[in-house]
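These notes are about the structure you will find just below.
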Amino acid sequence: MATHVNTAPAGRTVHDRFLRKLAALLAVVGVCGPALRLASAAGVEKAARKPNIVLINADDLGWSTLGCYGNEKIRSPNIDRLAQEGVRLTQFYVTWPACTPSRASLLTGRYPQRHGLYDMIRNDMVNYGHRYTEEEYAVSPEMTLGMDVRETTIAEVLQAAGYRTGVVGKWDGGRARRFLPLQRGFDFFYGFANTGIDYWTHQRYGIESMYRGNERIEEEGYSTDLFGREAIRFVRESGDRPFFLYLPFNAPHGASNLEKDSYQAPPETIALYSDLDPKDKVTKLYAMVTRMDEQIGLLRKQLEEQGAADRTLILFTSDNGGSGNVYNAPLRGQKGTMFEGGLRVPCIAWFPGKLPAGKVNDQFLTTLELFPTLANLAGAALPKDVTLDGFDLWPMLAAGETSPRTKMFWQRRGDKAARVGTLKWVSSAKGSGLFDLAADPYEKRDLSAERPADLKRLEAEFAAWQKEMAAAEPRGPFRDY
Ligand SMILES: [Ca+2]
């Protein structure tokens, strides 16, 4: 009998059915042979062991920031190594150009307009330097709103399939107790629930923000290191049980404090960049990424030491583009915009023996695909009566099949965008136009005047999508349901 589960989704269902039948047969045989039953049951358990899943989500990590995406100045050896030994995607998109809605799509497999979190859970007054009192903070949207409790998270699906589930880092799904991870399908939570903290104090504009489980805690340390430590703890404590670790680092997002310079990295990591200006914020951001990269290296080491590396999928991505075009160039735009720099992010999939090594995959794919992919990989049933907006992308990664995705739509307040095939339409306060990404990946040449029929077609596609979203069951917290 094979000692590894065939994780290709097409083969897995049949394989699982075979194992169940075999287990049933062995149980009958075992009535007259206890020793045989014990030995065989152990064999079945080993063969049926489900793959572990580690989903790492960096924060505001732009398209061109990592070494494996062409940046020659940054040090990201551990992430680069995952790419060298796995699949690196080049046309992978998020659903929204900033944190909260994008992250909720990762967890639900649904467009923001469908899951209801289609804007940030925060009060923008902090952007104007307003310092909240504890009383004001307690009633601000950040404290009281969250992802609709009727949504089904991927953690709930995996938990029901026997997985131990943990989230370490930036939850960003609501801070009230009913929205916290332990109430949303996770067995383990260490991190913060709002959308950003100070890396050293773990406060958000002066308010303590770190949690363990449902309780707020205070402790010393650089948050990226703490998240690495807790990720390793979760993996170690999972032992032989299959686990799902969602690891949303807050790096390299700027710190949420009232300091002028919000890029916080440990001095010894900044010192690694001896050829760059240590005071430059780009240098500091690189150091923040390097520190995260080091923690990813330590996590990998832990997986290897406990013999779990060959049955673990590591997915690495980012929730939106970098905060400044320098982190996304040559793509146009940045975080918050509808151009590629806001929406197209790095994505690496690593699973030695199950996924090819050193592949670059140019397929049109999105974070909406991750929910069904992870559920299938775990042999978990998809939730009934839930409309998912993506599909299982495993055949694209494992066998290089053509992505069935031909369309994707985005809306952020008044800004709109659609990609249909290689055509991209943008209508936004920061620029508009029709672009052919195949010939013009950097969205420099507006074809609106030359190709009016295509413009009209994409506008109509967007309008149809918008209509579908408006007709979906209303979800909170922004719509009145
Ligand atoms: Ca972000």
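Within the bounds of region 177-198, is there any residue that is buried (at least 19 other Cβ atoms within 10 Å of the Cβ), assigned to a loop (DSSP other than H, G, I, E, B) and without any contact (Cβ under 8 Å) to a residue 24 or more places away in the chain? For region 177-198, residues buried (at least 19 other Cβ atoms within 10 Å of the Cβ), assigned to a loop (DSSP other than H, G, I, E, B) and without any contact (Cβ under 8 Å) to a residue 24 or more places away in the chain: present. Check whether at least one residue in region 392-399 is within 16 Å of the ligand (Cβ to nearest atom), in contact with an Asp or Glu (Cβ under 6 Å, 6 or more places away or on another chain) and either assigned to a loop (DSSP other than H, G, I, E, B) or within 23 Å of Ser64 (Cβ to Cβ) (or both), and report yes or no. Looking for residues that are within 16 Å of the ligand (Cβ to nearest atom), in contact with an Asp or Glu (Cβ under 6 Å, 6 or more places away or on another chain) and either assigned to a loop (DSSP other than H, G, I, E, B) or within 23 Å of Ser64 (Cβ to Cβ) (or both), one finds none in region 392-399, hence no. The residues of region 109-125 that are in a loop (DSSP other than H, G, I, E, B) and acidic (Asp, Glu) amount to a single one, Asp119. For region 46-78, a residue qualifies if it is more than 16 Å from the ligand (Cβ to nearest atom) and within 15 Å of the chain's Cα centre (by Cα), and the qualifying residues are Ile53, Val54.
Residues checked against (1) buried (at least 23 other Cβ atoms within 10 Å of the Cβ); (2) part of a helix (DSSP H, G or I); (3) away from the ligand (no atom under 16 Å from the Cβ):
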{"site": "Glu220", "(1), (2), (3)": "no, no, yes"}
{"site": "Arg233", "(1), (2), (3)": "no, yes, yes"}
{"site": "Leu245", "(1), (2), (3)": "yes, no, yes"}
{"site": "Ser262", "(1), (2), (3)": "no, no, no"}
{"site": "Thr269", "(1), (2), (3)": "no, yes, yes"}
{"site": "Asp275", "(1), (2), (3)": "no, no, yes"}
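Answer yes if at least one residue in region 453-471 is part of a loop (DSSP other than H, G, I, E, B) and either of a type in the set (Gly, Ala, Ser) or modelled with pLDDT of 95 or more (or both), and no otherwise. Looking for residues that are part of a loop (DSSP other than H, G, I, E, B) and either of a type in the set (Gly, Ala, Ser) or modelled with pLDDT of 95 or more (or both), one finds none in region 453-471, hence no. For the residues Ala418, Ala375, the requirement of being more than 16 Å from the ligand (Cβ to nearest atom), at pLDDT 95 or above and out of contact with any Asp or Glu (no Cβ under 7 Å at 6 or more places or on another chain) singles out Ala375. Here the condition is being more than 30 Å from Asn123 (Cβ to Cβ) and out of contact with any helix residue (DSSP H, G or I) (no Cβ under 8 Å at 6 or more places or on another chain); of Ala464, Ala429, it holds for Ala464 alone. Return yes or no: is Leu382 within 30 Å of Arg49 (Cβ to Cβ) and not in a helix (DSSP H, G or I)? Yes; evaluated as a whole, the condition is true for this residue. Summed over region 79-108, residues that are near the ligand (Cβ under 10 Å from one of its atoms), buried (at least 24 other Cβ atoms within 10 Å of the Cβ) and outside any helix (DSSP H, G or I) total 3. On the stretch given as region 202-222, residues that are of a type in the set (S, T, N, Q), in contact (Cβ under 8 Å) with a residue 24 or more places away in the chain and closer than 19 Å to Tyr263 by Cβ total 1. When only residues in region 111-141 that are over 16 Å from Arg479 (Cα atoms) and in contact (Cβ under 8 Å) with a residue 24 or more places away in the chain count, which is farthest from the ligand (Cβ to nearest atom)? Only one residue tops the list, namely Glu134. Just the residues that are without any contact (Cβ under 8 Å) to a residue 24 or more places away in the chain, assigned to a helix (DSSP H, G or I) and not acidic (Asp, Glu), please, taken from region 285-314. Answer for region 285-314, where residues must be without any contact (Cβ under 8 Å) to a residue 24 or more places away in the chain, assigned to a helix (DSSP H, G or I) and not acidic (Asp, Glu): Ala287, Lys301.
Restricting attention to region 312-327 and to residues that are more than 13 Å from the ligand (Cβ to nearest atom) and within 20 Å of the chain's Cα centre (by Cα), the residue that is nearest to Met292 (Cα to Cα) turns out to be Phe316. Filtered by the rule that a residue be farther than 10 Å from Tyr246 by Cβ, part of a loop (DSSP other than H, G, I, E, B) and touching a Gly at 6+ places or on another chain (Cβ under 7 Å), region 139-174 gives Leu145, Met147, Asp148, Ala161, Gly173. Kindly establish whether Leu303 is over 17 Å from Ala255 (Cβ atoms), more than 16 Å from the ligand (Cβ to nearest atom) and touching a strand residue (DSSP E or B) at 6+ places or on another chain (Cβ under 8 Å). In short, yes. Figure legend. Inter-residue proximity from region 331-356: first residues not assigned by TED's automatic domain parsing to the domain that holds Ala58, second residues part of a loop (DSSP other than H, G, I, E, B) and crowded, with 24+ Cβ neighbours inside 10 Å, beta-carbon distance below 6 Å, spacing 6+ or different chains. No pairs are indicated. Listed by first and then second residue, the pairs with beta-carbon distance under 8 Å, at least 6 apart or on different chains, first residue in region 468-479 and within 17 Å of Gly174 (Cβ to Cβ), second at pLDDT below 85 and not in a helix (DSSP H, G or I), are Arg475/Tyr481. Only one entry of Gly421, Gly433, Gly414 meets the criterion of being without any contact (Cβ under 8 Å) to a residue 40 or more places away in the chain, buried (at least 18 other Cβ atoms within 10 Å of the Cβ) and not assigned by TED's automatic domain parsing to the domain that holds Arg311, and that entry is Gly433.
The values are calculated or read from the model by the stated rules, or taken from the named source; none is laboratory data. It should be emphasised that the depicted structure is a prediction, and the values quoted were computed from it without experimental measurement. Here the Cβ is made from the backbone with ideal geometry for all residues, glycine too, and neighbour counts use every protein chain on show.
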